[in-house]
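First up is the structure itself, then whatever we jot down about it.
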Amino acid sequence: MTVVHRTPLPASRLPQVGTTIFSVMSALAQEHGAVNLGQGFPDFDCDPRLVDAVAQAMRAGHNQYPPMPGVVALREAVAAKIEALYGHRYDAGSEITITAGATQAILTAILALVHPGDEVIVLEPCYDSYAPNIELAGGRVVRVPLTPGSFRPDFDRLAAALTPRTRALIVNTPHNPSATVWSAADMRRLAALLQPTDVLLIADEVYEHMVFDGAPHQSVSRFPDLAARAVVVSSFGKTFHVTGWKVGYAAAPAALMAEFRKVHQFNVFTVNTPVQHALAAYLADPRPYLDLPAFYAAKRDRFRAGLADSGLALLASEGSYFQCVDYSALPAHRERSELDFCRWLTMQAGVAAIPLSAFYDGGFEQRVVRFCFAKQDGTLDEALRRLASRL
């Protein structure tokens with residue numbers, strides 16, 4: 001007799017969530033031998049000194065659990081960096097926590113601060129983890145669109161979305177996917193809007209060191225009224241070209257960080273010890289992150305120059321390592337959806353991109369797709385050659 005073992009199937013916590021567009025397009029790129037400018041990660045190595053620093057930390061015996069909030073030297077280095085760049089001093093002991101990447105930091109902040117029934121505002125288009133994180137906390141996602149075309153914040157619509165049930169707002173600058181950045185005036189207007197409320201702020205600043213054309217990054221940490229109500233999140237993986245290491249940090253006032261750490265200690269407890277020691281030593285030299293805007297601006301300019309005669313309209317790329325393009329002027333493709341155009345690009349032109357509609361709930365078609373230019377010059381040149389031959 002054959003015994004059939006039944007697997008009980010609980011109700012899904014995230015019934016609407018499937019495979020991400022990044023996984024779908026990366027798999028399609030691999031299947032068709034396409035240059036993958038879809039998913040946002042570099043195809044070049046990090047500074048060898050950083051790898052050497054990790055090896056040295058391992059040989060020095062830093063291979064057991066570090067303190068739950070992170071290695072003291074790294075938290076002190078982060079606090080010093082933020083103060084030097086943005087003029088706000090966080091206490092390394094009580095206001096900085098090292099995380100297993102920025103995505104974990106954002107989830108932890110939401111789980112710590114959002115209660116069932118609370119509303120959390122997200123500005124669309126937005127990174128795809130925000131809404132599922134809010135739903136896992138039992139919160140309600142309130143979607144406020146950025147202005148189509150310019151992707152600037154619409155403060156009138158944002159003000160209209162605030163209610164007595166609003167617990168938090170998630171802000172991302174430099175912005176993924178649009179590559180726009182918030183100005184100081186934007187931040188001051190946000191501070192004035194939130195001042196009479198108890199709304200908390202989660203600031204996703206993972207591309208903080210990729211702001212171009214001489215503009216400074218307007219971190220929430222620069223603005224005392226905002227810093228007092230905010231968890232600010234950043235990423236060593238993005239900054240130092242080591243996305244696979246999954247190390248980031250969160251900075252917040254002590255009262256908020258105490259709640260953050262209550263969750264952090266039970267979802268990851270702590271983060272890779274030798275990498276933390278290596279990053280602490282590496283941060284002693286600010287040049288790698290101070291030189292990053294020029295490094296990525298050169299790649300942006302190379303990529304934009306190569307697209308100049310493609311028929312694609314180039315949207316502004318003010319920060320991050322993304323370039324969005326509008327394909328509506330291409331007669332052969334203007335009727336295609338963004339996803340269909342990305343599939344055509346991948347299968348026929350041999351270059352993978354990401355549809356901007358994937359960053360909206362239910363999709364919102366603007367005939368805009370996103371490329372990632374965090375690639376070797378040779379990779380970018382090959383992608384440009386393929387695009388020129390097919391567009």
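The values are calculated or read from the model by the stated rules, or taken from the named source; none is laboratory data. Bear in mind that the values here come from a model prediction, so they are computed numbers and not experimental data. Here Cβ is always computed from backbone atoms with ideal geometry, including for glycine, and neighbour counts include all displayed protein chains.
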Please verify whether residue 49 is more than 22 Å from the chain's Cα centre (by Cα) and either part of a strand (DSSP E or B) or not hydrophobic (A, V, I, L, M, F, W, C) (or both), treating the condition exactly as stated.
yes
Yes or no: region 97-107 includes at least one residue that is surrounded by fewer than 16 Cβ atoms within 10 Å (Cβ to Cβ) and hydrophobic (A, V, I, L, M, F, W, C).
no
If you check 87, 93, which single one turns out to be touching a helix residue (DSSP H, G or I) at 6+ places or on another chain (Cβ under 8 Å), surrounded by fewer than 21 Cβ atoms within 10 Å (Cβ to Cβ) and free of Cβ contacts under 8 Å to residues at least 60 places away in the same chain?
93
Considering each residue of region 17-50, count those that are more than 19 Å from residue 354 (Cβ to Cβ) and free of Cβ contacts under 8 Å to residues at least 12 places away in the same chain, and give that number.
1
Which residues, counting only those in region 245-282, are part of a helix (DSSP H, G or I) and either modelled with pLDDT under 95 or touching a Ser or Thr at 6+ places or on another chain (Cβ under 8 Å) (or both)?
254, 257, 258, 260, 261, 263, 264, 267
If you go through region 1-21, how many residues are under 30 Å from residue 362 (Cβ atoms) and among the β-branched types (Val, Ile, Thr)?
4
Looking at residue 307, is it outside the structural domain of residue 124 (by TED's automatic domain parsing), closer than 27 Å to residue 20 by Cβ and surrounded by fewer than 19 Cβ atoms within 10 Å (Cβ to Cβ)?
no
If you go through region 115-136 one residue at a time, how many are over 20 Å from the mean Cα position of the chain (by Cα) and part of a loop (DSSP other than H, G, I, E, B)?
4
Mind listing just one residue for me: the one in region 184-228 that is in a loop (DSSP other than H, G, I, E, B) and among the β-branched types (Val, Ile, Thr) and, of those, surrounded by the fewest Cβ atoms within 10 Å (Cβ to Cβ)?
197
Would you mind telling me which numbered condition in (1) free of Cβ contacts under 8 Å to residues at least 60 places away in the same chain; (2) farther than 21 Å from residue 231 by Cα; (3) not charged (D, E, K, R) residue 281 fails?
(1)
Somewhere in region 6-22, is a residue hydroxyl-bearing (Ser, Thr, Tyr), more than 22 Å from the chain's Cα centre (by Cα) and in a loop (DSSP other than H, G, I, E, B)?
yes
State whether one or more residues within region 107-114 are part of a loop (DSSP other than H, G, I, E, B), assigned by TED's automatic domain parsing to the domain that holds residue 160, under 18 Å from the mean Cα position of the chain (by Cα) and touching a residue at least 12 places away in the same chain (Cβ under 8 Å).
no
With 181, 141 as the choices, which residue is closer than 20 Å to residue 107 by Cβ and either crowded, with 24+ Cβ neighbours inside 10 Å or touching a residue at least 40 places away in the same chain (Cβ under 8 Å) (or both)?
141
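I need a count of the residues in region 293-304 that are surrounded by 17 or more Cβ atoms within 10 Å (Cβ to Cβ) and touching a Leu at 6+ places or on another chain (Cβ under 7 Å).
Residues of region 293-304 that are surrounded by 17 or more Cβ atoms within 10 Å (Cβ to Cβ), as a first pass: 293, 296-297, 299-300, 303.
This time we only want the ones that are touching a Leu at 6+ places or on another chain (Cβ under 7 Å), so: 299, 303.
Of the residues in region 293-304, 2 are surrounded by 17 or more Cβ atoms within 10 Å (Cβ to Cβ) and touching a Leu at 6+ places or on another chain (Cβ under 7 Å).
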